[in-house]
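**Q** Below is a structure I'd like to ask you about.
The values are calculated or read from the model by the stated rules, or taken from the named source; none is laboratory data. Owing to the predicted nature of the structure, the values given are computational and were not obtained by experimental measurement. Cβ: placed from backbone, ideal geometry, glycine included. Neighbour counts: every protein chain shown.
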Amino acid sequence: MKLVSGIDIDLLLTLDALLTEQNITHAALRLGISQPAMSARLARLRDIFQERLFIPSPNGRGVLPTPRAIALRPALQSVLDGISTMLEPVVFVPATSNRTFVVALHENPALMLGADLFNRLSELAPHVRLRFILPDSNHLSHQMEDNGVDIYIGISETADDSWIGRRLFTDDFATAQRKAHPRGQEPLDLQSFCAESHLVVSSDGYPFTGFVDRALTKIGQRRLVAMSTESYAMVPSIVGSTDLLCTLPNRLLQRFGTTLDIFEPPIILPSISISAYWYPRNHEDPMSRWFRSQIFYTAGLTDE
């Protein structure tokens, strides 16, 4: 590693060893090089500094540093300490960190993972803060690149091809109704499913039509969508207090199993896959790796 004026790390270490040992043979042993190699390095140091730096000791044992060499010692130690610090591995200590981690995700994965992830962080890193934000497709790439967002959690269609990702879980859809629903506890067949009124979560341009309706259309059926909302968080309260049915990922609905009855839908629906994504620059960063491992653990994964 070349520094300035032809000096490199090897010469800095040589100067430090000579100042410490004040003996060419001992200094060579300290660095694990031969005595001729040590003498050659000393010759290079003398050429660079245009000064002898070390003179033979009058008693014939070792060498003595000149005033110039002695004067170099504080600056030399500072440089070597700085290099040592620079080369030390970065260590992340969760128990003392006050880092704020930012996760971009929609309500669906937030409801599935949010509470468990927070409780996990509170246990391992009590001073760490967690911030959830809604993904903004116009800015998410820049936020990931600039470390404004640590992790994006969502479907692969929204992720950039350059990001590194790992699947957290794949989930099937289920249909929920309130406890003591007048329909009773019978499994849902296609006729009863279509006869009931439904709640749809939709944020696109067709608020009363969703993937369930498209699946029904393919088999020549239709249902009544009586209510639409853009919020997943509203579903448990609305379904739990009305006679509406709602079809959502099973993992989400199971969190509200004390107030909702959950059934298998009577139609074939595609599964949903949720993944975590991070920027490649942070892949080996200890802090990022630790945070990702907590997300994986919360999702039921045990290794990275």
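**Q** Look through Glu196, Glu157, Glu230 and report the one residue that is surrounded by 16 or more Cβ atoms within 10 Å (Cβ to Cβ), at negative phi and out of contact with any helix residue (DSSP H, G or I) (no Cβ under 8 Å at 6 or more places or on another chain).
**A** Glu196
**Q** Could you list, in sequence order, all residues of the stretch 25-69 that are in a helix (DSSP H, G or I), farther than 20 Å from Leu80 by Cα, in contact with a helix residue (DSSP H, G or I) (Cβ under 8 Å, 6 or more places away or on another chain) and among the hydrophobic types (A, V, I, L, M, F, W, C)?
**A** Ala37, the sole residue that qualifies.
**Q** Would you call Phe118 crowded, with 17+ Cβ neighbours inside 10 Å, of a type outside the set (Val, Ile, Thr) and in contact with a strand residue (DSSP E or B) (Cβ under 7 Å, 6 or more places away or on another chain)?
**A** For Phe118, the condition - crowded, with 17+ Cβ neighbours inside 10 Å, of a type outside the set (Val, Ile, Thr) and in contact with a strand residue (DSSP E or B) (Cβ under 7 Å, 6 or more places away or on another chain) - is not met.
**Q** Here's another thing I want to ask about it. May I ask you to list pairs of residues, at least six apart or on different chains, whose Cβ atoms are under 6 Å apart, with the first in the stretch 263-280 being farther than 14 Å from Phe193 by Cα and the second being crowded, with 18+ Cβ neighbours inside 10 Å and of a type in the set (D, E, K, R)?
**A** The qualifying pairs are Ile272/Asp171.
**Q** While we're looking at this one, here's another question. If we scan the stretch 284-294, do we find a residue that is touching a residue at least 24 places away in the same chain (Cβ under 8 Å), assigned to a strand (DSSP E or B) and on the phi < 0 side of the Ramachandran plot?
**A** No, the stretch 284-294 has no match at all.
**Q** So Arg251 passes all but one of these: (1) closer than 30 Å to Asn147 by Cα; (2) out of contact with any Lys or Arg (no Cβ under 8 Å at 6 or more places or on another chain); (3) surrounded by fewer than 17 Cβ atoms within 10 Å (Cβ to Cβ). Which condition number does it fail?
**A** Against the list (1) closer than 30 Å to Asn147 by Cα; (2) out of contact with any Lys or Arg (no Cβ under 8 Å at 6 or more places or on another chain); (3) surrounded by fewer than 17 Cβ atoms within 10 Å (Cβ to Cβ), Arg251 comes up short only on (3).
**Q** Could we say that Ala104 is at pLDDT 90 or above and either loosely packed, with under 10 Cβ neighbours inside 10 Å or over 23 Å from Asp285 (Cα atoms) (or both) here?
**A** Spelling it out, it is not the case that Ala104 is at pLDDT 90 or above and either loosely packed, with under 10 Cβ neighbours inside 10 Å or over 23 Å from Asp285 (Cα atoms) (or both).
**Q** Same structure again: From Ser203, Ser241, Ser231, grab the single residue that is within 33 Å of the chain's Cα centre (by Cα) and touching a residue at least 40 places away in the same chain (Cβ under 8 Å).
**A** It is Ser231.
**Q** While we're on this one: Taking the stretch 59-69 only, how many residues are closer than 17 Å to Ile7 by Cα and either surrounded by 15 or more Cβ atoms within 10 Å (Cβ to Cβ) or among the hydroxyl-bearing types (Ser, Thr, Tyr) (or both)?
**A** Total meeting the criteria: 1.
**Q** While we're looking at this one, here's another question. Give the residues of the stretch 1-58 that are of a type in the set (Ser, Thr, Tyr) and surrounded by 15 or more Cβ atoms within 10 Å (Cβ to Cβ), sorted by residue number.
**A** Hit for the stretch 1-58 is Thr14, nothing else.
**Q** If I filter the stretch 296-304 for residues that are out of contact with any Lys or Arg (no Cβ under 8 Å at 6 or more places or on another chain), free of Cβ contacts under 8 Å to residues at least 12 places away in the same chain and in a helix (DSSP H, G or I), do I get at least one hit?
**A** Checked the stretch 296-304: no residue is out of contact with any Lys or Arg (no Cβ under 8 Å at 6 or more places or on another chain), free of Cβ contacts under 8 Å to residues at least 12 places away in the same chain and in a helix (DSSP H, G or I).
**Q** Can you find even one residue in the stretch 202-222 that is in contact with a helix residue (DSSP H, G or I) (Cβ under 8 Å, 6 or more places away or on another chain), assigned to a loop (DSSP other than H, G, I, E, B) and not hydrophobic (A, V, I, L, M, F, W, C)?
**A** yes
**Q** Just give me the residues in the stretch 236-252 being at pLDDT 95 or above and either among the hydrophobic types (A, V, I, L, M, F, W, C) or on the phi > 0 side of the Ramachandran plot (or both), in sequence order.
**A** Ile238, Val239, Leu244, Leu245, Cys246, Leu248
**Q** Checking Phe169 against (1) among the hydrophobic types (A, V, I, L, M, F, W, C); (2) touching a Lys or Arg at 6+ places or on another chain (Cβ under 9 Å); (3) assigned to a loop (DSSP other than H, G, I, E, B), which single condition isn't satisfied?
**A** Every condition holds for Phe169 apart from (3).
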